[in-house]
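Chemist: Starting off with a structure, shown below.
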Amino acid sequence: MPELSKLPERPAIRRQLPRWSELRPLLRTRRIELDATERRLRRALTIADLREAARRRTPRAAFDYTDGAAEGEVSLRRARSLFRRLQFNPSILRDVSKVETATTILGRPSAYPFAFAPTGFTRMMQHEGESAVARVAERVGIPYGLSTVGTTSIEDVAAAAPAADKWFQLYIWTDRAAGKDLVDRAREAGYTALVLTVDVPVAGARLRDVRNGMTIPPTLTPKTLIDMATHPAWWFNLLTTKPLTFASLSDWPGTVAELINTMFDPTVTFEDLAWMRESWPGSLVVKGIQNVDDARKVVDLGVDGVVVSNHGGRQLDRAPVPLELLPQVVDAVGDRAEVLVDTGIMSGADIVACLALGAKAALVGRAYLYGLMAGGERGVQRAADILGTEIRRTMQLLGVADVSELNRSHVTLPAVPF
Ligand SMILES: Cc1cc2nc3c(=O)[nH]c(=O)nc-3n(C[C@H](O)[C@H](O)[C@H](O)COP(=O)(O)O)c2cc1C
């Protein structure tokens, strides 16, 4: 190596003044976005970004009700962590210039292999609520699940998104006749699937809600009055739109709190499922499957689909991680029923992993609720766009041109899941 002092002299760099014609192509002026919601949503590149925007815009009690899970929140953390820790195994030199994300879910076409999961009290998170979510599902071409404890009625959601593939989620509660009445109304309104949620014999312990003194609807206490100063738009929208009620249960004579106490019935058994199968001619799905035996039992009773789920970690803490259980359930019942999965999905890549491990489709809950809280209907659309883009890109990078080609070789789960 020659010494620096011995290096040959470098030729002098000739400098010149830049000409305007040379600078002009380098100048990129961005249109200033005057709409604050649009600005906020454009900046969100991931569901985690939408979550952050939602957190800033929403009063703590409502955000925590959505974001939180039960007890130590271990079920939710483990589910999200397994998605992060799995390994994708790509194949090279495949033609992925065109990617097909469309599939069928419960026998009906869906533009993407995911659906919006049923979530209660959606209008409490943001005033546009269930109708906004259903409209996005209609526009995107994916199914939407309305919760029994929705804050928009069965009929109003149907009117808001007449062409959407709508599912109705049912909690069988003490008053069986009232449940039957809801099921009849869902059928009348054109809902195609009944989703029976079976992981709520009693309500889970959402400790964030207890600590925040969360009530439904929110009550005006000194604490909430202070909150109004920091989230005036949210409170203005809440107080100037239809009061929050369980819209499909308008005949309920008591308070919302009393209804919640009677809503979950610890006496529900497989016999109720048999009864439900007789009274619902459409697709019947059991949501909340957490072991292979139960999956077999409900499929023996004639259901069309199961959702391997621990309710987004909002019920039993330290529950099985749905993604880990999924392949076993698929092996046991996949030839007789459609296997769906949820809990912990924060990206389109997570959905691709679910499909690779045998799910027909995934349900997403918080992912779209973060979008809703960040920017109403446009925020839900942004969440769907983010998930769709990530699904397509992940498939292309895996060397997969059609969702039907995804298989177990594309994903390796870690030997020690947590
Ligand atoms: C705020 C919130 C409310 C929910 N309400 C219901 C409900 O009323 N009925 C139901 O079956 N599941 C309900 N779920 C569970 C979802 O359907 C789904 O299983 C869960 O959100 C999936 O996990 P993820 O949020 O990590 O995607 C709720 C979930 C959240 C986050």
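Chemist: Do you know which of the residues in the range 341-365 that are more than 14 Å from the ligand (Cβ to nearest atom) and in a loop (DSSP other than H, G, I, E, B) is surrounded by the fewest Cβ atoms within 10 Å (Cβ to Cβ)?
Modeler: 358
Chemist: Any chance the range 221-237 includes a residue that's in contact (Cβ under 8 Å) with a residue 12 or more places away in the chain, surrounded by 15 or more Cβ atoms within 10 Å (Cβ to Cβ) and under 26 Å from residue 178 (Cα atoms)?
Modeler: For the range 221-237, residues in contact (Cβ under 8 Å) with a residue 12 or more places away in the chain, surrounded by 15 or more Cβ atoms within 10 Å (Cβ to Cβ) and under 26 Å from residue 178 (Cα atoms): absent.
Chemist: Further question on the same structure: Within the group 318, 382, which residue is more than 14 Å from the ligand (Cβ to nearest atom), more than 17 Å from the chain's Cα centre (by Cα), farther than 17 Å from residue 292 by Cα and not hydrophobic (A, V, I, L, M, F, W, C)? Give the derivation first.
Modeler: On the way: 382 fails: more than 17 Å from the chain's Cα centre (by Cα).
One residue alone meets the criteria, 318.
Chemist: Does residue 162 satisfy the condition of being over 20 Å from residue 246 (Cα atoms), within 14 Å of the ligand (Cβ to nearest atom) and not hydrophobic (A, V, I, L, M, F, W, C)? Working first, answer last.
Modeler: Values: over 20 Å from residue 246 (Cα atoms): yes; within 14 Å of the ligand (Cβ to nearest atom): no; not hydrophobic (A, V, I, L, M, F, W, C): yes.
Here the answer is no, as residue 162 does not meet what is asked.
Chemist: Among the numbered criteria (1) away from the ligand (no atom under 16 Å from the Cβ); (2) crowded, with 24+ Cβ neighbours inside 10 Å, which single criterion is violated by residue 328?
Modeler: Of everything listed in (1) away from the ligand (no atom under 16 Å from the Cβ); (2) crowded, with 24+ Cβ neighbours inside 10 Å, residue 328 misses just condition (2).
Chemist: Regarding the range 333-340, can at least one residue be identified that is touching a Pro at 6+ places or on another chain (Cβ under 6 Å) and modelled with pLDDT of 95 or more? Lay out the reasoning, then the answer.
Modeler: Keep residues of the range 333-340 that are touching a Pro at 6+ places or on another chain (Cβ under 6 Å), which gives none.
Checking the range 333-340: not a single residue is touching a Pro at 6+ places or on another chain (Cβ under 6 Å) and modelled with pLDDT of 95 or more.
Chemist: Further question: Quick one: in the range 55-71, of everything that is assigned to a loop (DSSP other than H, G, I, E, B) and within 10 Å of residue 208 (Cα to Cα), which residue is most open to solvent (accessible area, probe 1.4 Å)?
Modeler: Step one: of the range 55-71, the residues assigned to a loop (DSSP other than H, G, I, E, B) are 58-59, 68-71.
Add one more test, that the residue is within 10 Å of residue 208 (Cα to Cα), and what stays is 68-71.
Values: 68: 3, 69: 1, 70: 0, 71: 99 Å².
Step by step, filter the range 55-71, then rank; the result is 71.
Matching residues to (1) within 14 Å of the chain's Cα centre (by Cα); (2) open to solvent by less than 10 Å² (accessible area, probe 1.4 Å):
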| position | (1), (2) |
| --- | --- |
| 115 | yes, yes |
| 119 | yes, no |
| 133 | yes, yes |
| 136 | yes, yes |
| 151 | no, yes |
| 157 | no, yes |
| 161 | no, yes |
| 177 | no, no |
| 182 | no, yes |
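The values are calculated or read from the model by the stated rules, or taken from the named source; none is laboratory data. Everything numeric in this text was worked out from a predicted model, so none of it was measured. Counting neighbours? That spans all protein chains shown, and the Cβs are built from the backbone with ideal geometry, glycine included. Only protein heavy atoms, including side chains, enter the accessible area calculation; ligands, DNA and RNA are left aside. Shrake-Rupley method; radii C 1.70, N 1.55, O 1.52, S 1.80 Å.
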